[in-house]
Structure formats: structure tokens, C-alpha cells
């Protein structure tokens with residue numbers, strides 16, 4: 001009987017491994033949340049002792065991956081329409097919760113020849129006088145922040161002139177990297193990224209007026225079958241502590257709209 005104990009202990013460990021993994025649910029999160037939601041997750045762990053794994057990317061790409069069966073338990077989208085579409089098709093527990101309204105900003109690395117002009121008028125002049133060679137935004141085909149950047153550029157009458165000079169990021173975080181890389185003179189990115197210490201120390205930014213684009217209504221939802229830790233994190237993300245973190249990164253919070 002004693003000789004069976006090592007075998008039984010090994011079997012118990014093997015069967016326990018998946019259960020332990022399930023206690024760290026995977027959340028798909030829009031790239032504008034790279035810094036803010038990371039801080040929220042750290043606060044959640046400190047408060048509860050539980051952890052979530054965060055995967056950042058384009059909301060549109062995550063939407064397609066979830067439809068194809070990707071094992072996410074939570075989805076923090078930068079565009080609530082993706083959540084509504086998933087809910088309609090039965091992928092989610094419910095319609096989710098509006099957790100923030102995002103903003104876009106003009107991001108200029110230190111030394112850029114461009115001016116921090118919220119009207120984007122300097123971009124037109126820079127196109128004419130040759131100061132602007134490359135300009136970064138997220139891909140409007142699947143990234144909500146890219147869609148809003150395109151809308152703001154169209155509102156300023158710049159889209160046709162600047163389109164051939166755009167460097168498209170797969171998501172808004174990559175667009176910010178392109179804007180800071182030296183291969184572009186700047187870009188339009190998430191305000192939350194521009195406020196992050198890692199970027200703020202190396203760049204200037206200016207908030208683009210929200211009347212120049214459609215709202216960025218950001219919604220989070222638990223997927224069908226989401227576990228207790230995932231549900232707890234979604235609840236925590238609506239807490240006063242989490243809202244204070246989101247506010248620090250420039251998000252407008254539900255109930256605080258002007």
C-alpha cells in the first residue's frame with residue numbers, strides 16, 4: 001500500500017493542475033486599458049488574494065476570437081457594440097456593464113516638429129510644409145480607437161491628405177509605440193496611454209475634443225460559464241477603488257459624464 005502513495009499523490013497533483021489554472025481566469029481587454037486595468041488587477045489581487053490574467057489587444061480582433069471559441073472568461077471592450085453582438089448570439093452572461101468612456105489624444109514624442117494643437121490645424125500645415133512624414137493611428141478596420149481617430153481626422157478635413165502617410169497599429173497600444181518610435185512624428189492614441197508615466201515622460205499630448213468623433217462607450221462582460229474569480233473581478237472593476245484608478249488614467253466614468 002505504501003508503494004501506491006507516490007502514484008496517488010502524482011495523480012492528485014495532475015488532476016489539481018487544471019483547477020488551479022481555472023482560478024486565474026483570462027480576460028480579453030482593449031489596448032487602451034494596458035496600464036489602467038493592470039493597476040486595477042493588482043488592486044484586486046491585493047484586496048482578495050485572487051488573480052486574473054490580462055490579454056491586451058484590439059477589441060475587434062478579440063470579438064472574432066471569442067466567436068471562434070477563444071477561452072476568455074471576461075471581455076473589456078473599447079466599443080460596447082462588440083459586447084452587444086456577443087450577447088445577442090448567446091456568448092455572454094448578459095449585456096455587461098458600461099465601465100468607462102474613452103477619449104483620444106494627439107501624442108507627440110519630444111522633439112517632434114508637430115505642435116500640440118487640439119484642432120489638428122497644425123497637421124494640415126505640417127502636411128503642406130513637409131514636417132509630417134508619417135503619422136500613427138490604430139487600424140480603423142477593427143480597433144475602436146482607430147475608428148475614432150479616423151473620424152476626428154475626417155472632421156478636420158484631413159483624412160484624404162494624410163491617409164497615405166498613416167502607419168497603422170494592430171491596436172492602439174501599438175499605434176502609440178509607432179508614434180514614439182522615431183519613424184513617425186506623432187499619432188492619435190488613447191488618452192489613457194498618453195497619461196501613463198511610461199509615455200508621459202517622453203512625449204507631449206493634447207486631448208482632442210470629443211465632439212469630433214463618436215463616443216467611445218466601453219463595456220465589460222462575463223462570458224457564458226465564467227467562474228467565480230472572473231465574476232468577482234468584474235464586480236471589483238466597478239468599485240470605488242477601481243473607478244479612482246480609471247479616473248487617474250483619464251477615463252470618463254458612468255454617472256460622471258458632463
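Details
- If the condition is being assigned to a helix (DSSP H, G or I) and within 15 Å of the chain's Cα centre (by Cα), then the range 59-80 contributes 59, 60, 61, 62, 63, 80.
- Number of the condition not met by residue 90 [criteria: (1) surrounded by 14 or more Cβ atoms within 10 Å (Cβ to Cβ); (2) over 21 Å from the mean Cα position of the chain (by Cα)]: (1)
- Residue match in the range 80-87 (condition: closer than 15 Å to residue 173 by Cα and in contact with a strand residue (DSSP E or B) (Cβ under 6 Å, 6 or more places away or on another chain)): no
- Yes/no for residue 136 being assigned by TED's automatic domain parsing to the domain that holds residue 180 and either exposed (fewer than 15 other Cβ atoms within 10 Å of the Cβ) or not in a strand (DSSP E or B) (or both): no
- Scanning the range 92-139 for residues that are free of Cβ contacts under 8 Å to residues at least 12 places away in the same chain and over 22 Å from residue 212 (Cβ atoms) returns 111, 129, 130.
- Residue among 148, 154 that is out of contact with any strand residue (DSSP E or B) (no Cβ under 7 Å at 6 or more places or on another chain) and in a helix (DSSP H, G or I): 154
- Residue within the range 107-122 that is part of a strand (DSSP E or B), touching a strand residue (DSSP E or B) at 6+ places or on another chain (Cβ under 8 Å) and buried (at least 22 other Cβ atoms within 10 Å of the Cβ) present: yes
The values are calculated or read from the model by the stated rules, or taken from the named source; none is laboratory data. Predicted model only: the values in this text are computed from it and were never measured. In this analysis, Cβ positions are derived from the backbone assuming ideal geometry, glycine residues included, and neighbour counts consider all displayed protein chains.
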